[in-house]
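Laboratory data are not the source of any read-out in this text; all were calculated from the coordinates shown. Keep in mind the model is a prediction, meaning the values are calculated, not measured. Virtual Cβ from ideal backbone geometry, glycine too; neighbours counted across all protein chains shown.
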Amino acid sequence: MPVSQLKVEVAELRNARGVLQFCLTADPDNFPNCIDDARAVSRVVPAGDRAMRFDALPHGNYAIAVFHDENANRKLDTFAGIPREGFGFSRNPRIGFGPPRFSAARFAFGNDAQIQQVKLRYML
């Protein structure tokens with residue numbers, strides 16, 4: 001199975017506090033949380049890094065969810081159901097009530113090294 005390198009760049013980060021949590025999955029049922037997905041790839045990097053690289057990633061269809069965990073408590077903090085921390089998705093789909101569907105964030109990954117840019121949004 002062919003593999004390549006995927007780079008994910010994060011744009012519009014509010015500050016460099018805390019960490020960025022990345023979830024990369026090919027399973028629509030486990031997007032955006034990567035729960036119960038043995039093949040999902042989750043990574044945490046310092047927020048100041050603003051990028052993540054996935055090496056030797058098999059070609060296929062994926063979606064990425066990123067959130068800016070400003071207080072590094074390993075969860076997306078909310079107030080009345082509204083995220084208090086930044087979040088974003090591959091292909092930067094429009095956000096309504098709740099996260100986008102997998103199909104809105106899905107991208108085809110293959111061939112040479114590829115870059116996905118995820119724009120963070122802050123609701124509060």
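Results, tabulated for the structure shown:
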item	result
Principal axis dimensions, the range 3-119 - Cα atoms, whole angstrom, descending	40, 28, 26
Of 110, 96, 88, the one that fluctuates the most in a GNM where the chain has Cα springs shorter than 10 Å	96
In Hz, Karplus ³J(HN,Hα) per residue of the range 61-71 (6.51, -1.76, 1.60; θ = phi - 60°; x = Gly, Pro)	9, 9, 9, 10, 10, 10, 9, 8, 7, 4, 9
Within a Gaussian network of the chain (alpha carbon springs, distance under 10 Å), most fluctuating of 100, 46, 58	58
In order through the range 52-59: 3J(HN,Hα) via Karplus (6.51 cos²θ - 1.76 cosθ + 1.60), integer Hz, x for Gly, Pro	9, 10, 10, 8, 6, 8, x, 5
J(HN,Hα) series, the range 32-49, from Karplus relation 6.51 cos²θ - 1.76 cosθ + 1.60, nearest Hz, glycine and proline x	x, 9, 6, 8, 6, 10, 5, 9, 5, 10, 10, 9, 10, 10, x, 4, x, 6
Chymotrypsin sites (Phe, Trp or Tyr not before Pro), loop per DSSP, at most 16 other Cβ atoms within 10 Å - longest free stretch of the chain	1-96
Separation of the residue 74 and residue 55 label points, Cα + 7 Å toward Cβ, nm	2.6
Cβ-derived FRET efficiency at R0 35 Å, residue 36 paired with residue 15, nearest 0.05	0.65
